[in-house]
Every structure is written in C-alpha cells, then in structure tokens.
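Okay, structure first, notes after.
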Amino acid sequence: PYVYLAALQHGYTPASILMDSPFELDTGASGIWRPQNYSETFSGAMTVRWALSHSVNVPTAKLYLDLGLDPVLANLRKLGFAVDTLPKVPSLYLGAGEVTLGEVVASYCAFANHGVWADQYLISRVETVDGEVLFEARVNQHEALDPAEAYVMTSLLQSTLDSGTAAGARRNGFTRTGAGKTGTTNDNTNAWFVGYTPSFCAGVWVGFDEPTPMGRGATGSRMAVPVWAAFMGRVTARKGDEQFVRPAGIIDRTVCMRTGQLARTGC
C-alpha cells in the first residue's frame, strides 16, 4: 500500500494500467533482481486497483522505475516507521526489511482516520477508587496524509476484501464495510492481514518465533484472514455497518478497463 500511495501522489489513479510481464533490474552490488508473482505466471495489462487487491508483485516492482525509493520512504516516515533500519534497495517495494505488526496497524489507522496518524497506547486512564485521576494518556498525532489520499487508498484496499486476496473474510465472519491487505513473505515464513473499518483496525500475524516455512499455501489469505475475520466480525457487531466518509475533492468516473481512460461508447 505504501508503494501505491506514492503512485497516487505522482499522478496514477486506481484505473491506471500496469503491465504484469517478466522484468529484471540490475541493482549493482546486489546483482540482478527478478521479482516473481506468487502464481509464477504473468497476466499482462491490469489496473492499479487489480494489482494491489490481488497482490500482484511484478507490476508493483516495476513502479520502482518511475518512482524510485524516496517517495516510498517519505510515506513510511510520515506513517511512523523507523525508516533508518530499512534496507534502501528496490526489493523494499515488495517488503524487504522487517517491521512490527504494531507499526503496520498504526499506519493503516491513518488510512482509516482521514490521514491522521496517532501514537498507540495501552492505558487510557488510571483512577483511584474515589475517582481521582492519577494518569491519563495524551495522544500524540499529526496529519500524515491528505484526507483525499487516505480515502482513495481505502477505496483500493476495500477491493482486497470485496474481490481480492482477502475475499475469504466474507466466509469467516466479517460482513461489514472494510479495507485491508494480505501479506506473505518468501518461503511462506510469515502470513499477515491488517484491516480496518471506520472505527476499528486490527492486524494478524501468523508464523514461528524463528523464520520457518509453514508450507505451500500458508499465505496471508489462508492463515491470517480467517483469524482477523472471526475477531473483527464480533468487534464490529457493536457498531453496525459504517461507511467510510468521502472528503471533498473526490470524483467518481466510469473508466475503460482496457485503457484506464474515461469510458466511451466503444469500450
């Protein structure tokens, strides 16, 4: 999502066409980088929305040629990540480097919270038995993203739940409006899903204490999404279905899936 956020900031739209085809990049000291899709196949032209919601690696990696690392690192920094510890290599586009589940959840909260990032805290308030307040958390927050950017990212991530890699959430207890993203690392050693509604955000990580393959098919879709869906299905029941609030400046247009341009009679 952080890569596609940078793409949106540089003129791409959810309907922009990307090409899923073989690709290699000479990274110098690190050698030749040949990103692969999980399916080990290529599907040709696809929209930004499809590539993100279906976790297609190669067109995502190709965005590096247009964007480079700097805009992605800038977004990661604004969204609370410890950027200095991340490797400054093209494969960062596909998740090279390690972050914590807490960091990812905090960043997704900013997507849900109209672009405002906030510190996480565990204790809201401490009171005596007589009601005297001994401690109360002060929330540190800042505007990390333009509200329109956050809304369009949320729209893209809604497609992951509606028709993409997290569509199984609908069969596992979560039926509300929501958005999120699956993640699977090389050799199936880690499986993730982080998702949110307008009021709640939660993340699930599945794996071993040390990097150990969990077997073919141990993806975020299969391992993490059912856990998240069962939990968030219960949590969101107290609020009912909520819709994401659209900020000013967002316009819907019907587009041609083949060209990514405005639809005309010949589409």
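The values are calculated or read from the model by the stated rules, or taken from the named source; none is laboratory data. Keep in mind that this is a model prediction, so the values were computed, not measured. Methodologically, a virtual Cβ is constructed for each residue, glycine included, from the backbone with ideal geometry; neighbour enumeration extends over all protein chains shown. To get the accessible areas, we keep the full protein, side chains included, count just its heavy atoms, and leave off ligands, DNA and RNA. Shrake-Rupley method; radii C 1.70, N 1.55, O 1.52, S 1.80 Å.
Looking only at residues in the stretch 18-43 that are assigned to a strand (DSSP E or B) and at pLDDT 95 or above, which one is nearest to GLY183 (Cα to Cα)? The selected residue is ASP20.
Those residues that are of a type in the set (A, V, I, L, M, F, W, C), closer than 15 Å to PHE174 by Cα and surrounded by 14 or more Cβ atoms within 10 Å (Cβ to Cβ), I need them from the stretch 231-264; list them, please.
To start, the set of residues in the stretch 231-264 that are of a type in the set (A, V, I, L, M, F, W, C) comprises 231-232, 235, 237, 244-245, 248, 250-251, 255-257, 262-263.
Still in the list and also closer than 15 Å to PHE174 by Cα: 231-232, 235, 237.
Listed by number, the residues that qualify are PHE231, MET232, VAL235.
Sort out which residues of the stretch 8-28 are in contact with a strand residue (DSSP E or B) (Cβ under 9 Å, 6 or more places away or on another chain) and among the small types (Gly, Ala, Ser), and write them in order of number. Result: ALA15, SER16, SER21. Scanning the stretch 137-156 for residues that are in a loop (DSSP other than H, G, I, E, B) and surrounded by fewer than 16 Cβ atoms within 10 Å (Cβ to Cβ) yields ALA137, ARG138, VAL139, ASN140, ASP146.
Every condition in (1) surrounded by 16 or more Cβ atoms within 10 Å (Cβ to Cβ); (2) touching a helix residue (DSSP H, G or I) at 6+ places or on another chain (Cβ under 9 Å) is met by ASP162 except one, and the failing one is (1). Scanning the stretch 78-124 for residues that are basic (Lys, Arg) and closer than 20 Å to GLY203 by Cβ yields a single hit, LYS78.
Quick test for you: out of THR219, THR154, pick the one residue that is closer than 23 Å to GLY115 by Cβ, of a type in the set (Val, Ile, Thr) and at pLDDT 90 or above.
Values: THR219 fails: closer than 23 Å to GLY115 by Cβ.
Every option except THR154 fails the conditions.
Taking the criterion of being acidic (Asp, Glu) and either open to solvent by 50 Å² or more (accessible area, probe 1.4 Å) or part of a loop (DSSP other than H, G, I, E, B) (or both), the residues of the stretch 84-105 that qualify are ASP84, GLU98.
All of (1) under 14 Å from ALA166 (Cα atoms); (2) modelled with pLDDT under 95 hold for ALA191 with one exception: (2). The condition (being closer than 28 Å to ARG176 by Cα, free of Cβ contacts under 8 Å to residues at least 24 places away in the same chain and in a helix (DSSP H, G or I)) is satisfied by just one residue among ALA224, ALA230, ALA237: ALA237. Among residues of the stretch 121-136 that are without any contact (Cβ under 8 Å) to a residue 60 or more places away in the chain and assigned to a strand (DSSP E or B), those with a beta-carbon under 6 Å from a residue that is among the charged types (D, E, K, R) and surrounded by fewer than 10 Cβ atoms within 10 Å (Cβ to Cβ) at least six positions away or on a different chain give the pairs GLU136/ARG125.
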